[in-house]
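Asks: Sharing a structure with you now.
The values are calculated or read from the model by the stated rules, or taken from the named source; none is laboratory data. Because the structure is a prediction, the values reported are computed rather than measured. All Cβ positions, even for glycine, are placed from backbone atoms using ideal geometry, and neighbour counts span all protein chains on display.
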Amino acid sequence: RLAEALADVTGPGATADGHHVALLANIGGVHDAELAGAEDLEGVGLFRTEFVFLSADQEPTVEEQTEIYRQVFAPFGDRRVVVRTLDAGADKPLAFADLGAEDNPALGRRGLRLSQARPEILATQLEALAAAAEATGADVRVMAPMVATAAEARWFAEQVRANGLPSSGVMIEVPGAALRAAQVLASVDFGSLGTNDLAQYTMAADRMEGELSELLDPWQPAVLDVIAAAATGAREAGKPLGVCGESAGDPFLALVLVGLGVTSLSMATGKVRAVRLALRSHTLEQCEVLAKEALAAESPEDARQAVRAAAAPEV
Ligand code: PEP
Ligand code: MG
């Protein structure tokens, strides 16, 4: 029955009452792109570009990068591809731009902070992305990782604009950026919640530390509070706010996220169908009620249980 139900629901993501929620794929390379491109989904919500850089001894040239990005974009035709610029740091060091060891790499010069320390690496990547977008006709939108302040978002938007790319966004994965989302999003076109890092920084729990998985649970009510604050700020700024952390692929949590005001969900390709079915089985108002249930809970287990009990049996 479940297999049948999943096969029956196709097309763009939407709630039962027709509120559109784009369903997108997280990809990390050419192979992922080919698999996701063949699926019934609206494009890519997170293309992690680290693979282009982390194994290279020298910085890949504009031509080399353009060729890789062209191969990644091609399977999507004119669909959207949200590209995250390089998210390197002391835990994912670059052979050609080593800023040195750090005691706390997760709190160090990673993501956009590294791009600001080595702006020429970002400039080369943006030039290649613009060339590949032009060559393929894909709807390419570029976003920065680990943005903490409105000034950083503004700086990134200027770099993107200078390369002729039409759309810039920022990941919201630092609690400080989530709490100030209206100001952080003012100078960009969209935001995307990275709930993996957002949980790590909200709960002060290293995401590489398996023993801390309960604290890292995206159902933690405090994490949901921070997401709710970001959604309120995005609404105030009039900017779309997606989710591209692993949490978007949990059908019950997807309902909560939509109820909190999230406008797109990006996940592992294999999770899209179940999330689409969950959304189609609930109105936006029902999602809002589920979000209230989750926010009222004291623990992740209670939040999960309350939402499961109140959700439609199709999920
Ligand atoms: C996140 O932090 O939630 C995210 C999507 O990025 P990554 O997992 O690559 O850090
Ligand atoms: Mg992240």
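Asks: What number of residues within the range 194-207 are among the hydrophobic types (A, V, I, L, M, F, W, C) and either away from ligand 1 (no atom under 11 Å from the Cβ) or in contact with a His (Cβ under 7 Å, 6 or more places away or on another chain) (or both)?
Replies: Applying the first criterion (among the hydrophobic types (A, V, I, L, M, F, W, C)) to the range 194-207 yields 198-199, 203-205.
If we keep only those that are either away from ligand 1 (no atom under 11 Å from the Cβ) or in contact with a His (Cβ under 7 Å, 6 or more places away or on another chain) (or both) too, we end up with 203-205.
The qualifying residues number 3.
Asks: What are the pairs, 6+ residues apart or on separate chains, where a residue within the range 290-312 that is farther than 18 Å from Ala16 by Cα has its Cβ under 9 Å from a residue that is polar (S, T, N, Q) and part of a helix (DSSP H, G or I)?
Replies: Ala297/Gln305
Asks: Which pairs have Cβ atoms under 9 Å, sit 6 or more apart or on different chains, and link a residue in the range 191-205 that is over 22 Å from Pro240 (Cα atoms) to one that is near ligand 2 (Cβ under 8 Å from one of its atoms) and modelled with pLDDT of 95 or more?
Replies: From residues that are over 22 Å from Pro240 (Cα atoms), the pairs are Gln200/Glu173; Tyr201/Glu173.
Asks: Do you know which residues across the range 76-110 are within 13 Å of ligand 1 (Cβ to nearest atom), farther than 30 Å from Ala38 by Cα and either in contact with a Gly (Cβ under 9 Å, 6 or more places away or on another chain) or polar (S, T, N, Q) (or both)? Don't jump to the end; show me each part of the working.
Replies: Let us first name the residues in the range 76-110 that are within 13 Å of ligand 1 (Cβ to nearest atom), namely 82-89, 91-92, 105-106, 110.
From the residues that got through so far, the ones that are farther than 30 Å from Ala38 by Cα too are 89, 91-92, 105-106, 110.
Selection gives Gly89, Asp91, Pro105, Ala106, Arg110.
Asks: If you don't mind, there's one more thing I want to ask. Within the range 1-18, which residues are within 24 Å of Glu285 (Cβ to Cβ) and assigned to a helix (DSSP H, G or I)?
Replies: Correct list: Ala5, Asp8.
Asks: Let me ask you something else. Regarding the range 144-154, can at least one residue be identified that is modelled with pLDDT of 95 or more, over 17 Å from the mean Cα position of the chain (by Cα), within 16 Å of ligand 2 (Cβ to nearest atom) and outside any loop (DSSP other than H, G, I, E, B)?
Replies: Our first condition is that a residue be modelled with pLDDT of 95 or more; within the range 144-154, this holds for 144-154.
With the extra rule that they be over 17 Å from the mean Cα position of the chain (by Cα), the set shrinks to 149-152, 154.
Those still in the list that are within 16 Å of ligand 2 (Cβ to nearest atom) too: 152.
Within this subset, residues satisfying the condition of being outside any loop (DSSP other than H, G, I, E, B) are 152.
There is at least one residue in the range 144-154 that is modelled with pLDDT of 95 or more, over 17 Å from the mean Cα position of the chain (by Cα), within 16 Å of ligand 2 (Cβ to nearest atom) and outside any loop (DSSP other than H, G, I, E, B).
Asks: Any residue in the range 244-258 that's in contact (Cβ under 8 Å) with a residue 12 or more places away in the chain and under 14 Å from Leu224 (Cα atoms): show its pairings with residues that are within 16 Å of ligand 2 (Cβ to nearest atom) and assigned to a loop (DSSP other than H, G, I, E, B) at Cβ separation under 7 Å, as long as the two are six or more apart or on different chains.
Replies: As it stands, the answer is Gly245/Gly194; Gly245/Pro218; Ser247/Pro218; Leu253/Pro218, since those pairs meet every condition given.
Asks: Kindly indicate the residue of the range 39-51 that is of a type outside the set (D, E, K, R) and either touching a strand residue (DSSP E or B) at 6+ places or on another chain (Cβ under 8 Å) or touching a residue at least 40 places away in the same chain (Cβ under 8 Å) (or both) and also surrounded by the most Cβ atoms within 10 Å (Cβ to Cβ) among those meeting that condition. If you could, list the steps in order and put the result at the bottom.
Replies: The initial filter retains those residues of the range 39-51 that are of a type outside the set (D, E, K, R), namely 41, 43-47, 49, 51.
Restricting the remaining residues to those that are either touching a strand residue (DSSP E or B) at 6+ places or on another chain (Cβ under 8 Å) or touching a residue at least 40 places away in the same chain (Cβ under 8 Å) (or both) gives 41, 43-47, 49.
On the way: Leu41: 24, Gly43: 25, Val44: 30, Gly45: 27, Leu46: 25, Phe47: 28, Thr49: 25.
It comes out as Val44.
Asks: Oh, and also: Between a residue in the range 146-172 that is on the phi > 0 side of the Ramachandran plot and any residue that is surrounded by 22 or more Cβ atoms within 10 Å (Cβ to Cβ), which pairs come within a Cβ distance under 8 Å, given they are 6 or more apart or on different chains?
Replies: Met146/Asp87; Met146/Arg110; Met146/Gly111; Met146/Leu112; Met146/Met171; Met146/Glu173; Met146/Val174; Met146/Asp197
Asks: Then there is this: Being part of a helix (DSSP H, G or I) and closer than 18 Å to Ala22 by Cα: is that true of Val275 here?
Replies: On the way: part of a helix (DSSP H, G or I): yes; closer than 18 Å to Ala22 by Cα: yes.
Answer is yes for this residue.
Asks: Another question about this same structure. Which members of the range 82-98 meet the condition of being within 24 Å of Pro175 (Cβ to Cβ) and either surrounded by fewer than 16 Cβ atoms within 10 Å (Cβ to Cβ) or more than 26 Å from the chain's Cα centre (by Cα) (or both)?
Replies: Asp91, Lys92
Asks: Could you tell me whether any residue of the range 173-192 is within 16 Å of ligand 1 (Cβ to nearest atom), acidic (Asp, Glu) and surrounded by 22 or more Cβ atoms within 10 Å (Cβ to Cβ)?
Replies: The answer is yes, given that some residue of the range 173-192 is within 16 Å of ligand 1 (Cβ to nearest atom), acidic (Asp, Glu) and surrounded by 22 or more Cβ atoms within 10 Å (Cβ to Cβ).
Asks: For the range 241-292, name all the residues that are in contact with a helix residue (DSSP H, G or I) (Cβ under 7 Å, 6 or more places away or on another chain) and within 19 Å of Pro145 (Cα to Cα).
Replies: Correct list: Leu241, Val243, Gly245, Glu246, Ser247, Ala248, Val262, Leu265, Ser266, Met267, Ala268.
Asks: Going by what's in this entry, would Gln305 be described as out of contact with any helix residue (DSSP H, G or I) (no Cβ under 9 Å at 6 or more places or on another chain) and outside any loop (DSSP other than H, G, I, E, B)? Before the answer, list the steps.
Replies: Values: out of contact with any helix residue (DSSP H, G or I) (no Cβ under 9 Å at 6 or more places or on another chain): yes; outside any loop (DSSP other than H, G, I, E, B): yes.
For Gln305, the condition - out of contact with any helix residue (DSSP H, G or I) (no Cβ under 9 Å at 6 or more places or on another chain) and outside any loop (DSSP other than H, G, I, E, B) - is met.
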